[in-house]
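Report on the structure given below.
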Amino acid sequence: MLNKFFIILNKINTLIHNLKIKSIKFGQKGSHIQIERGFNFIKPEHIHISDYVYIGPMSTIYAHGKVSIKKGSIIGPKVTIYTANHNFKSGSHAIPYDKKLDIRPVEIDENVWVGGNVILLPGAKLREGVIVGAGSVISKEIPAYSIVVGNPCKIIGTRDIDEYHRLKKANAIYLLNKKL
């Protein structure tokens, strides 16, 4: 009896989650996207998500500026994306910072894999095919096909570019080939 209760409760939670996603007014919303439970999107009208994108559980996007997540990208659990930071250099003599925000977009190109607990700061640009190790902090542009880890992040390698392009040409996108 208790097991049936939890099955019904899970179905209700799934229904509520799906309705919540459908009600969000994104700047752009592609097809076949998967957004897990516990997400928090601030200013979703600035979030542009392409096709076959996965956003892991408990992820937060503070989209005061534009956030673009392109086709085939995977965002791990508990990832936080910031597009704004407080200004502390204005000369207004306010401390620790003033009311003005430094707003810069965050770009995630095609087929990027962002590991769990990553923080993307304003101005971060993850170019095509980048892999970001769990717990990394990114505040700058990362060249295509790079593998990065750490805080501050460091490039530790690159993907096999020929294999990457072979898979891309074959349209071997993870979410495209996985049953949603």
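Some notes on this structure:
- Residue-normalised accessible area of the chain, expressed per residue, 1.4 Å probe, Å²: 59 Å²
- Sequence-ordered 3J(HN,Hα) estimates for the range 116-129 from the Karplus curve with 6.51, -1.76 and 1.60 and θ = phi - 60° stand at x, 6, 7, 10, 9, 9, x, x, 5, 9, 9, 6, 3, x Hz, glycine and proline given as x.
- When the P(r) of the chain is calculated, the portion above 20 Å amounts to 57% of the C-alpha pairs.
- Per-residue 3J(HN,Hα) values for the range 103-111, derived from phi via the Karplus relation 6.51 cos²θ - 1.76 cosθ + 1.60 with θ = phi - 60°, read 9, 9, x, 10, 10, 10, 6, 4, 6 Hz in sequence order (x marks Gly and Pro).
- Sites matching trypsin sites (Lys or Arg not before Pro) across the range 44-96 that sit in DSSP coil, with at most 13 neighbouring C-beta atoms within 10 Å: K89
- Residue-averaged [θ]222 nm for the chain, counting only DSSP H segments that reach four residues, each worth -39500 (n - 2.57): -6000 deg cm²/dmol
- The range 42-64 and the range 131-159 have Cα centres lying 20 Å from one another.
- Accessible area of the chain belonging to carbon and sulfur atoms, whole % at 1.4 Å probe: 58 percent
The values are calculated or read from the model by the stated rules, or taken from the named source; none is laboratory data. Predicted model only: the values in this text are computed from it and were never measured. Positions of Cβ are backbone-derived with ideal geometry, glycine not excepted, and every protein chain shown enters the neighbour counts. The protein model used for the area step is the full one, side chains on, heavy atoms only, and it has no ligands, DNA or RNA in it. Shrake-Rupley method; radii C 1.70, N 1.55, O 1.52, S 1.80 Å.
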